[in-house]
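Heads up, the thing below is written out as C-alpha cells.
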Amino acid sequence: MSNRVSPDDDAALINVVNEAYSQKARVEGTDRDHFDRVANAFGYTPEQLQSVSAEAHMGLSCGNPMAAASIKEGETVLDLGSGGGIDVFLAAAKVGPSGQAIGLDNSDDMIARARRIATTKGLKPPNVAFVKATLTEELPIESNSVDCVLSNCVINLLPPAGKLKVMQEVHRIVKSGGRVSLDDIVAKKPFPESLRSNVAAYVGCISGAILLQEYQALVEDAGFKDIIFMENPSDLNVYLDSGSTGCCSRESSAISIPTDIGDLNELAASYHIYATKANSSAATNSAPASALKNWWDAYPIPASSASSLECAEVADLIKNSGLEKRDFVVVDVRRNDHAGGHVRGSIQQPAQTFYDGLPMFYEQHKETKQVILYCGSSHGRGPRCAKWYQDYLDQQRNTESKAFWMTGGAKEWVASYKGRGDLVDFD
C-alpha cells in the first residue's frame, strides 16, 4: 500500500480507512492498560469501562459522547462508526429492553467483533443490533426514528462530501426534537498537502479533520439547531504513548505517521458537538417499531446457497410419508399470517428470531434429513432462513441433514391445494 492518498479521492480514502480498522478488529487487544488510559483521558469513567466487555473499547475514542447524551429508558439510539461497540453497549444499558441501541460500521470485521461481544452478553436484535453500512451513503435507518445519534472520532475519517452526506442523513433519521451527541477531532489550522495526503495520518484521525468554522457550517447546513461545540480539555498526545495502537497512534496502520508531525495538540483538538432537530408540527407521534429499514440487516449475510423444492415435491413428501416417522420437517417462518393458510403439519418459527434461535432449532432437528422452510412467497424470509440453517449445519459439520426452501411459499401452496385438508390447514 502506498503511504500517500489523494485527499480528493473519496473511494481511496474510504478504502484505506476500512482496511486499517478492519485490521484492528481482527487483532485482539494486548495493551489493555493503554486502551484504558485513552478511554479515561477522553472522559469514560472506570464504572463505564467495567460495565462493558474489555474487547468493546479499543483505544479509538476522542471523547465520550454518552456523557452529554442524556439517554432515557425506551429511547432509540444510533452510533455512527460503532467499532467494538462500547457506546452501543453503554446506550443499551440506558434504554433497557424497551429501547433500541444500533451500531453502524463500514467494516465487516468490526461488525463481527461487536456481534460476538453482544452474543456473549445475551444482547440480541432488535434491542441491540450491529449493522454493516457505508456512512457516506443513505443509512439503512427509517426516517424520524432515532431519539439520539452518537459518534466518536468517526466523521473526521469520512471524505469531504461524505461528511456532509452523513450529517444530512443524521438529520433525516432523527425524530423531531431529537438530538446528536458527537465527539470528533477538529483542525486548528489548515494542513499542508504533505499531511493531508498521508495515509497513516488520515487513518489516525488527524489529516481528515476540518476547521472549526467548516464543521459548524456542516452541522448548520444539515438543518440542526441549538448547536454547541465544546473543546475537550484532552491531550491528544496520549495516542502517541509507547506501545499505542490507538486512533492517532504512530502504529495505527501499516505506514508510520511522519516522524516530524510534532505535537498533536498544536494541529488539532477534540471537540464535543451537541445539536437538536427542530420540533415539527407535521411530525407524527408514532415511530416505527424498529429504526432498521430491514430487520435482517442485523444478522450476517448467509454464506451458503440452500437448495429449493417445488410445492409439488413437498406435497409428494407429505402424501407418501406417515405422520409418525417422517424424515423431514416443514417450517413456516412467517410471523403473523400462519392462520391465513399453511402447509398442514408445518411448525412455526418466525424469521425475525430464527437466527438467534439456531442452536436450539438445530438440537431439535439435527437428525432430520430434510428441513424445508417457506414464507409467504419464498422470495425473502424462506430462502434466507434456509441459507442460515445450512450455514449452521456446515459449521457443525452435519452432512446428514440439509436445508431447503419451498418455492412459491404459502401463496402458491394454498392456491394449488385449497380444499385439500390433508395438505392445507387454517388456524
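Tabulated results
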| quantity | calculated |
| --- | --- |
| Residues located in the range 88-126, provided they are among the hydroxyl-bearing types (Ser, Thr, Tyr) and either open to solvent by 10 Å² or more (accessible area, probe 1.4 Å) or closer than 9 Å to residue 77 by Cβ (or both) | 98, 119, 120 |
| Enumeration of residues in the range 379-427 that are in a loop (DSSP other than H, G, I, E, B), open to solvent by less than 30 Å² (accessible area, probe 1.4 Å) and touching a Lys or Arg at 6+ places or on another chain (Cβ under 9 Å) | 398, 401, 423 |
| Hits in the range 346-377 (condition: open to solvent by 60 Å² or more (accessible area, probe 1.4 Å) and of a type outside the set (A, V, I, L, M)) | 348, 353, 355, 359, 363, 364, 366, 367, 369 |
| Residue match in the range 219-234 (condition: touching a helix residue (DSSP H, G or I) at 6+ places or on another chain (Cβ under 7 Å), buried (at least 17 other Cβ atoms within 10 Å of the Cβ) and modelled with pLDDT under 95) | yes |
| Counted residues, the range 65-81 - those being modelled with pLDDT under 95 and open to solvent by 10 Å² or more (accessible area, probe 1.4 Å) | 4 |
| Residues of the range 333-343 satisfying the condition of being in contact (Cβ under 8 Å) with a residue 12 or more places away in the chain and surrounded by fewer than 17 Cβ atoms within 10 Å (Cβ to Cβ) | 335, 337, 339, 340 |
| Residue 173 under 22 Å from residue 224 (Cβ atoms), at pLDDT 95 or above and crowded, with 20+ Cβ neighbours inside 10 Å | yes |
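The values are calculated or read from the model by the stated rules, or taken from the named source; none is laboratory data. Note that the coordinates shown come from a computational prediction; the quantities given were computed from them, not determined experimentally. Cβ atoms come from the backbone with ideal geometry, glycine included; neighbour counts cover every protein chain shown. Surface areas here come from the heavy atoms of the whole protein model, side chains and all, with no ligands, DNA or RNA. Shrake-Rupley method; radii C 1.70, N 1.55, O 1.52, S 1.80 Å.
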